[in-house]
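The values are calculated or read from the model by the stated rules, or taken from the named source; none is laboratory data. The shown structure was predicted, so the numbers you read here are calculated from the model rather than taken from an experiment. Note that each Cβ is placed from the backbone with ideal geometry, even for glycine, and that neighbours are counted across all protein chains shown.
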Amino acid sequence: MPSVYLDCNATTPIDPEVREIFLQFLDIEFGNEGSRTHEFGAKAKQAVQKARDQVALVVGAKRDEVIFTSGATESNNLAILGLSAAGHELGKRHIITTSIEHKAILEPCDALIRDGFEVTRLPVTGGGYVDPNAIKEALRPDTLLVSVMQVNNETGVRQPLLEIAEVLEGHPAYLHTDAAQGFGKDIEELRNPRIDLISISGHKIFAPKGIGALIMRRRGYDRPPLKPLFFGGGQERGLRPGTLPVALIAALGKASELSIRDQDKRQKKCREVRNNALEALKMLNPVFAGDQSLVVDHVLNIAFPNLDSEALMVAVKDLIAISNGSACTSSSYTPSHVLRAMGMNDEQANAYVRISWCHLTPEVNWQGVADRLADLQ
């Protein structure tokens with residue numbers, strides 16, 4: 001019997017209803033959205049516009065505020081690097097972010113430093129979240145952008161986005177959030193109109209890999225002054241040129257629609273998995289990373305006395321498939337920058353594993369996992 005996949009923060013399985021839509025526009029309605037002279041192109045265009053509406057509805061945005069990208073990494077780069085020209089023009093070259101962001105935020109910020117910007121990386125509490133007051137204190141007249149993730153990809157800790165939005169009231173800085181882990185799951189807070197830029201990724205919400213979006217909310221009639229990162233074709237309001245991947249876009253749209261329709265049912269299933277895991281694993285005296293009152297229902301970042309993460313993962317690999325950090329940095333074998341930012345030393349950080357699941361997760365033999373780990377302690 002194969003192990004149960006419990007690494008949904010890295011990527012999710014495709015929802016059956018999403019797969020159906022994806023294959024329809026991959027195999028049957030395969031027209032180019034830019035083709036104006038025949039029905040194939042018209043149907044493709046209709047599918048793209050419907051998907052814009054579906055994505056926009058999740059965050060309370062408008063159709064024309066949705067720009068399709070290849071995923072949250074590209075969206076993050078477009079949101080951050082795309083503001084560079086405006087920053088130089090306005091004389092605002094200060095960025096605020098946090099020390100626990102994904103590399104798709106931290107590395108574009110590094111690129112801006114090389115371009116003459118100053119970046120303030122705020123520390124986080126031992127609970128894994130940034131203090132909104134720290135953002136208030138870091139704000140300056142020349143602050144162009146504040147970028148704080150919605151939910152941390154390693155710990156599952158929600159960041160105080162609504163409080164940060166309140167701090168920024170009256171300040172012109174743009175507020176961006178990497179919502180790869182929270183879009184379609186923690187829905188309500190992303191509808192706050194003070195959040196200007198939202199990055200999302202399809203493969204975190206049961207759509208295929210290779211598709212995402214950047215939501216760009218207008219302030220009155222003004223859009224965030226982003227410039228494209230590459231050129232040619234003029235698609236997506238000139239910000240993301242290239243032939244639109246209609247099948248992927250339609251799949252993201254359907255996944256977005258389902259996230260609203262099935263929200264309660266999905267959360268109930270995730271809470272059940274969490275409760276079953278905690279009940280079985282409590283015999284091992286686990287310790288948890290992050291303030292558990294702020295952690296989303298589908299994530300545990302957990303360690304056990306006398307066990308390091310590598311030994312733990314090997315011990316249970318025939319039962320469950322888990323990870324010990326972000327999939328984007330797993331090849332580096334360095335201690336998690338997130339856990340270190342929360343005050344852990346290397347030895348402590350190396351003990352933690354991330355377990356993440358979803359509504360499509362089959363039944364897990366948690367007692368078998370606990371018994372296996374108990375033999376190692």
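Observations
- The number of residues in segment 176-188 that are within 14 Å of ARG158 (Cβ to Cβ) and at pLDDT 95 or above comes to 8.
- Candidates GLN292, GLN235 - the one that is surrounded by 14 or more Cβ atoms within 10 Å (Cβ to Cβ) and assigned by TED's automatic domain parsing to the domain that holds LEU360: GLN292
Residue-by-condition table, conditions (1) without any contact (Cβ under 8 Å) to a residue 40 or more places away in the chain; (2) out of contact with any Pro (no Cβ under 6 Å at 6 or more places or on another chain); (3) over 19 Å from GLY128 (Cβ atoms):
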| site | (1), (2), (3) |
| --- | --- |
| ALA289 | no, yes, no |
| LEU300 | no, yes, no |
| MET313 | no, yes, yes |
| PRO335 | yes, yes, no |
| TRP357 | no, yes, yes |
| PRO362 | no, yes, yes |
| GLN377 | no, yes, yes |
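- Condition met for PHE30 (in a loop (DSSP other than H, G, I, E, B) and of a type in the set (Phe, Trp, Tyr)): yes
- In summary, ALA134 fulfils each of the numbered conditions (1) without any contact (Cβ under 8 Å) to a residue 24 or more places away in the chain; (2) of a type in the set (A, V, I, L, M); (3) more than 14 Å from THR97 (Cβ to Cβ) with the single exception of condition (3).
- Contact map, segment 8-20: residues that are closer than 17 Å to ASN152 by Cβ paired with residues that are surrounded by 20 or more Cβ atoms within 10 Å (Cβ to Cβ) and small (Gly, Ala, Ser), Cβ distance under 6 Å, separation 6+ or inter-chain. Pairs shown: CYS8/SER356; ASN9/SER356.
- Those residues of segment 32-42 which are out of contact with any Leu (no Cβ under 9 Å at 6 or more places or on another chain) and either surrounded by 18 or more Cβ atoms within 10 Å (Cβ to Cβ) or of a type in the set (Ser, Thr, Tyr) (or both), in sequence order: SER35, THR37
- Flag if THR97 is free of Cβ contacts under 8 Å to residues at least 60 places away in the same chain and within 30 Å of PRO141 (Cβ to Cβ): yes
- Residue tally, condition closer than 27 Å to LEU90 by Cα and not in a helix (DSSP H, G or I), over segment 236-279: 3
- Of the strands (runs of 3 or more DSSP E) lying entirely inside segment 67-184, the ones with 2 or more residues being within 19 Å of the chain's Cα centre (by Cα) and over 19 Å from LEU239 (Cβ atoms) are found at 94-98.
- Unique residue being touching a Pro at 6+ places or on another chain (Cβ under 9 Å) and within 21 Å of LEU226 (Cβ to Cβ) when the list is VAL148, VAL167: VAL148
- Conditions (1) assigned by TED's automatic domain parsing to the domain that holds LEU23; (2) touching a residue at least 24 places away in the same chain (Cβ under 8 Å); number of the one not met by TYR221: (2)
- From the options ASP264, ASP318, ASP346, residue that is under 30 Å from GLU17 (Cα atoms), free of Cβ contacts under 8 Å to residues at least 12 places away in the same chain, loosely packed, with under 13 Cβ neighbours inside 10 Å and of a type outside the set (Lys, Arg): ASP264
- Flag if GLY91 is at pLDDT 95 or above, touching a Phe, Trp or Tyr at 6+ places or on another chain (Cβ under 7 Å) and either over 16 Å from ALA255 (Cβ atoms) or assigned by TED's automatic domain parsing to the domain that holds GLN159 (or both): no
- Filtering segment 5-31 to residues that are aliphatic (A, V, I, L, M) and either in contact with a helix residue (DSSP H, G or I) (Cβ under 8 Å, 6 or more places away or on another chain) or surrounded by 19 or more Cβ atoms within 10 Å (Cβ to Cβ) (or both) leaves LEU6, ALA10, ILE14, VAL18, ILE21, LEU23, LEU26.
- Of all residues in segment 1-48, exactly one satisfies the criterion of being closer than 30 Å to ASN301 by Cβ, modelled with pLDDT under 95 and hydrophobic (A, V, I, L, M, F, W, C), namely MET1.
- Breaking point among (1) over 29 Å from ARG140 (Cα atoms); (2) part of a loop (DSSP other than H, G, I, E, B); (3) touching a strand residue (DSSP E or B) at 6+ places or on another chain (Cβ under 6 Å), for ARG52: (2)
- Test result for PRO228, closer than 30 Å to HIS359 by Cβ and not β-branched (Val, Ile, Thr): no
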